[in-house]
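Where a number appears in this text, it was derived from the coordinates with a stated rule and is not lab data. Since this is a predicted model, take the numbers as computed values, not measurements. Positions of Cβ are backbone-derived with ideal geometry, glycine not excepted, and every protein chain shown enters the neighbour counts.
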Amino acid sequence: MTDTSLQAIAEWDHATWKSFAAELTVDGRNVIDGERRDALDGSVIDSVDPTTGRIVGRIAGSGASDVDAAVATARATHRRGDWSRLPPRERAAVLFRWADLVETNAAELCALDTVEMGRPISDMVQYDLPEVVTTIRFFAEAIDKITGTTTATDPAVLHYTLRQPYGVVAAISPWNYPLLMATWKFTPALAAGNCVILKPAEQAALSALRMADLFLEAGGPPGAFAALAGLGEHAGRALGLHAGVDKITFTGSTEVGKELLVSAGNSNMKEVALECGGKSPQLFFADLDDLDTAVDSAIDGIFDNMGEVCNAGSRLLVDVAIHDEFCERFAERAAGRYVPGDPLDPATRCGPLVDQESCARVTEHIATAARQGARSIFAEVMPGGLRDGAFVAPIAYADVDPSMTIARDEIFGPVAAIIPFSSEREAIDLANDSEYGLAAGIWTSDLDRAHRCVRDLEAGTIWVNTFNDGDMTQPFGGWKQSGNSRDKCIESLIEYTQEKSAWFSLGESAS
Ligand code: NAD
């Protein structure tokens, strides 16, 4: 039998991945109460490979009645305590086995995201899959590190607090890192003892559905983790409005995040944790240490994952003193680095966009940039033979005015906007002139300046002399309209618990 573990697949070549992907067995049915089920009304949605346009398979088109069934099962499981009242070390043991199973099934999970969404297979193997495994192990290790408090009360009183699971948590995830973004949501929610219903994005749901199978295989109780495929406006909306859901955790667009806040208000005031869009700036000061390193980071920060990254460094704010040299080196160093190609080829760093709709939207942004007077300083050459795919070649513009659409809208494609500045104050004001506040990068060798920028920039994550770096200890989430919660860190585990206060009267002392 072929070894499909994470270790083995690091050596696979293009031909091996192509034949493995061609033989993938795809099951797009829901996982509810420990079993695979079709949508109750039989609806299905085509899953399309954006590289070729071929149909990969069909996923369930779940609606409100499927959501009702999943919520009823999750609620009953929670009330029985099958998962929430397991000793923490037993819950941890399930999660550790789950992480091991993800490692042994790595080829399938990687290939599913690549064929459904176009993420380059080398990024799946080197980054996403290892991160998924690390995420599960991180929260498994943290399960019994959550504590309550006792407070300094009158001696006739004992007061302590408990942190307990909410009950039923619905996780709604995006398609841009399909497996990883979902894992950042469902793992801490499960580790905290909640029952979870995951609604992955309809464009790339198959890896998430497999995660629910693997949870059962690891010994997770049926009913603790359900995965429902379906459209956002059907299954997602029904979860947002459901009175049996205690908390929604969402990663996706700001527009849908706002709708979920309204849905919570119109239903049961469920807690709503949001990770939404971004338009992240990188600030390049003339005193930066090494221009080539900074330029490489600018290129990777916007072209990696085809620019379909919430914290993509899409606004490159460059000191006028180095602006022209920055643009020249950008064009030189970007050429040949992200050439569009088959994402199943381990040499490919730029796959297609997620679908033809995204391709048309990003292409329209590019046309608007030219119309509004932005000057293209770099455009990757599109190789032949990719006509059936949703490919967009990376492009960068200089002379971008902060009022232009490419400087303001989240494009979610490989489009860089270079904007000059003349002073530190102007750079900070330009950076903060956005409805978003997810992340920012600063490039400088002046320590005082770095600290001033960290202090003044309105964003949840600030990188200094690096970009898009981090580990599981780092809280990841946004300010402003980029969101209101944090993924990854210990605090995110705590966010999936609610506090209870217990106040005891101890009465008179026994004499
Ligand atoms: P999206 O908002 O269209 O969809 C996200 C999820 O919400 C999907 O599962 C979708 O089916 C569901 N959904 C859609 N409409 C819904 C509705 N009316 N009610 C409930 N659920 C609904 O976003 P997307 O296109 O999948 O992802 C791209 C967006 O995600 C970008 O804006 C990106 O910045 C953001 N994102 C943010 C982070 C972060 O950590 N801040 C990470 C990744 C992606």
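Neighbouring Cβ atoms within 10 Å as the yardstick, rank 451, 242, 14 fewest first.
In increasing order of surrounding Cβ atoms, one gets 451, 14, 242.
For residue 15 and residue 161, what is the calculated FRET efficiency with R₀ set at 60 Å and r taken between the beta-carbons, to the nearest 0.05?
0.55
For each of 190, 231, count neighbouring Cβ atoms within 10 Å of the residue's Cβ, then give the residues from fewest to most.
231, 190
Stretch residue 38-residue 217 to full length: gain in nm at 0.36 nm per residue minus the Cα-Cα span?
Working it through step by step, the gained length comes to 62.4 nm.
Please compute the length gained on full extension between residue 153 and residue 455, using 0.36 nm multiplied by the number of residues separating them and subtracting their Cα-Cα distance.
Fully extending the segment from residue 153 to residue 455 adds 105.0 nm.
Go through the stretch 12-95 and name the GluC sites (Glu not before Pro) that are in a DSSP coil and have 10 or fewer other Cβ atoms within 10 Å of their Cβ.
23
In nm, give the distance between the simple-model label positions of residue 399 and residue 96, each being 7 Å from the Cα along the Cα-to-Cβ direction.
6.2
Quickly work out the residue 262-to-residue 141 label distance, labels modelled 7 Å from Cα along the C-beta direction, and quote it in nm with one decimal.
4.3
Give the separation of the Cα centroids, the stretch 136-182 to the stretch 300-336, in Å.
39
So which chymotrypsin sites (Phe, Trp or Tyr not before Pro) in the stretch 161-199 end up in coil per DSSP with only 16 or fewer other C-beta atoms within 10 Å?
Here no chymotrypsin sites (Phe, Trp or Tyr not before Pro) fit, given the DSSP loop and packing criteria.
For the chain, give me the percentage of DSSP beta bridges that are antiparallel, rounded to the nearest 5 percent.
Around 40 percent antiparallel, to the nearest 5.
For the chain, which span is the longest to avoid every loop-located (per DSSP) member of trypsin sites (Lys or Arg not before Pro) having at most 13 other Cβ atoms inside 10 Å?
So the longest stretch without any such site is 86-386.
Would you please give the FRET efficiency between residue 498 and residue 324, computed as 1/(1 + (r/R0)^6) with r the Cβ-Cβ distance and R0 = 56 Å, to the nearest 0.05?
The computed FRET efficiency comes out at 0.55.
Determine the gain in length on full extension of the stretch residue 464-residue 375; use 0.36 nm per residue of separation and subtract their C-alpha separation, reporting nm with one decimal.
29.2 nm
Kindly provide the helix-only [θ] at 222 nm of the chain, computed as the sum of -39,500 (n - 2.57) over DSSP H runs of four or more divided by all residues, to the nearest 500 deg cm²/dmol?
That comes out to -11500 deg cm²/dmol.
With each pseudo-label sitting 7 Å past Cα toward Cβ, what's the residue 25-residue 471 distance in nm, one decimal?
Going from the residue 25 label point to the residue 471 one covers 3.9 nm.
Find how many whole Å separate the alpha carbon centroid of the stretch 22-78 from the alpha carbon centroid of the stretch 1-18.
27
Pop the C-beta distance of residue 408 and residue 291 into the FRET formula with R0 = 30 Å and round what comes out to the nearest 0.05.
Rounded to the nearest 0.05, the efficiency is 0.65.
Sort 405, 73, 51 so that the residue with the fewest other Cβ atoms within 10 Å of its own Cβ comes first and the one with the most comes last.
Listing 405, 73, 51 from fewest to most nearby Cβ atoms yields 405, 73, 51.
Within straight cross-link reach of residue 145, meaning Cα distance under 28 Å, which lysines are found once same-chain residues fewer than 8 apart are removed?
Of all the lysines, those that pass the test against residue 145 - Cα under 28 Å, at least 8 places apart if same chain - are 185, 247, 270, 488, 500.
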